[in-house]
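The values are calculated or read from the model by the stated rules, or taken from the named source; none is laboratory data. This structure is a prediction, so every number in the text was calculated from the model and none was measured. Every residue, glycine among them, receives a Cβ derived from its backbone with ideal geometry; neighbour counts consider all protein chains shown. What goes into the accessible areas is simple: the full protein's heavy atoms, side chains included, and nothing from ligands, DNA or RNA. Shrake-Rupley method; radii C 1.70, N 1.55, O 1.52, S 1.80 Å.
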Amino acid sequence: MKRIVILISGRGSNMARLIEASLAGELGQAGIVAVLANRADAAGLRIAAAANIPTGVIEHRAYPRREDFDQALAATIDAHAPDLVVLAGFMRILTEGFVRHYEGRLVNIHPSLLPLFPGLDTHRRALAEGVRLHGCTVHFVTPLLDHGPIIAQAAVPVLDGDDEERLAARVLAEEHRVYPLAVRWFAEGRLTLAAGRVRVAGAQREEALIAPLLNGET
Ligand code: GRF
């Protein structure tokens, strides 16, 4: 079984979706062995605990230096001997040393079609730019913020009358579809990374381009 550690900072809806997918056998031979947060009030911790998944908190505020926090975090993560570390709304910038330590086994989901809109407020910025397509990206993490080889993306339309909330909800629904799929691919050993490109062995054609069904739902 591939061992997965998930890092969160907040509500943890992607984490919850991954737990659900794991229980439903949708992650292949992968199990979530721990959920860790950088703040004790991360709501997702309660969801994980309710699913009997070990949780832990490494308070970033207890570490004045980013390097020290990252070291403490890595020590806690490594105690769970993960094959894959999944960032799911983990709101800390990670040091290069941390990222290098988990090279090729650290993934993130970002609520935009990268490389557009790295950083915060992606939905507001997408609306301000008037883009017609928006979406989410699962990628391997590199030391650059919201950057790295792309594993999967899902696009959604930006509709007339959208506000941040409506657009965010449409993107989030896709995040919940794409992240379990990407984790499954990893767990099945189907991802190869060469020259900055991720290839997925044996992906079905319908999985090759992840895009929502346009059935009028928003
Ligand atoms: C998601 O939009 C994710 O893409 C971003 O942070 C948000 C986390 O939401 N990195 P949740 O905690 O998974 O509900």
Is it the case, given these coordinates, that Ala203 is aliphatic (A, V, I, L, M), at pLDDT below 95 and touching a Gly at 6+ places or on another chain (Cβ under 6 Å)? no
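Just to be sure before I move on: is Gly44 in contact with a strand residue (DSSP E or B) (Cβ under 8 Å, 6 or more places away or on another chain), among the small types (Gly, Ala, Ser), under 15 Å from Val86 (Cβ atoms) and surrounded by fewer than 16 Cβ atoms within 10 Å (Cβ to Cβ) in the structure I sent?
The answer is no for Gly44.
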Scan (1) open to solvent by 60 Å² or more (accessible area, probe 1.4 Å); (2) within 16 Å of the ligand (Cβ to nearest atom); (3) of a type outside the set (Asp, Glu) for the single condition Leu167 breaks and write down its number. (1)
How many residues does the range 60-91 contain that are within 24 Å of Asp146 (Cβ to Cβ), out of contact with any strand residue (DSSP E or B) (no Cβ under 8 Å at 6 or more places or on another chain) and more than 16 Å from the ligand (Cβ to nearest atom)? 12
Need the failing condition index for Gly56 against (1) touching a helix residue (DSSP H, G or I) at 6+ places or on another chain (Cβ under 8 Å); (2) within 17 Å of Leu145 (Cβ to Cβ); (3) outside any loop (DSSP other than H, G, I, E, B), just the number. (2)
Failed condition for Glu129, given (1) open to solvent by less than 50 Å² (accessible area, probe 1.4 Å); (2) at pLDDT 95 or above, with all others met? (1)
Members of the range 170-180 found to be touching a strand residue (DSSP E or B) at 6+ places or on another chain (Cβ under 7 Å) and open to solvent by 40 Å² or more (accessible area, probe 1.4 Å), listed by number: Arg177
Filter the range 88-104 for residues that are touching a residue at least 40 places away in the same chain (Cβ under 8 Å), open to solvent by 10 Å² or more (accessible area, probe 1.4 Å) and closer than 19 Å to Val198 by Cα and give the result. Arg100, Gly104
Over the range 161-179, the set of residues β-branched (Val, Ile, Thr) and either under 11 Å from the mean Cα position of the chain (by Cα) or part of a loop (DSSP other than H, G, I, E, B) (or both) is Val178
How many residues are farther than 13 Å from Ile6 by Cα and assigned to a strand (DSSP E or B) if we restrict to the range 59-102? 0
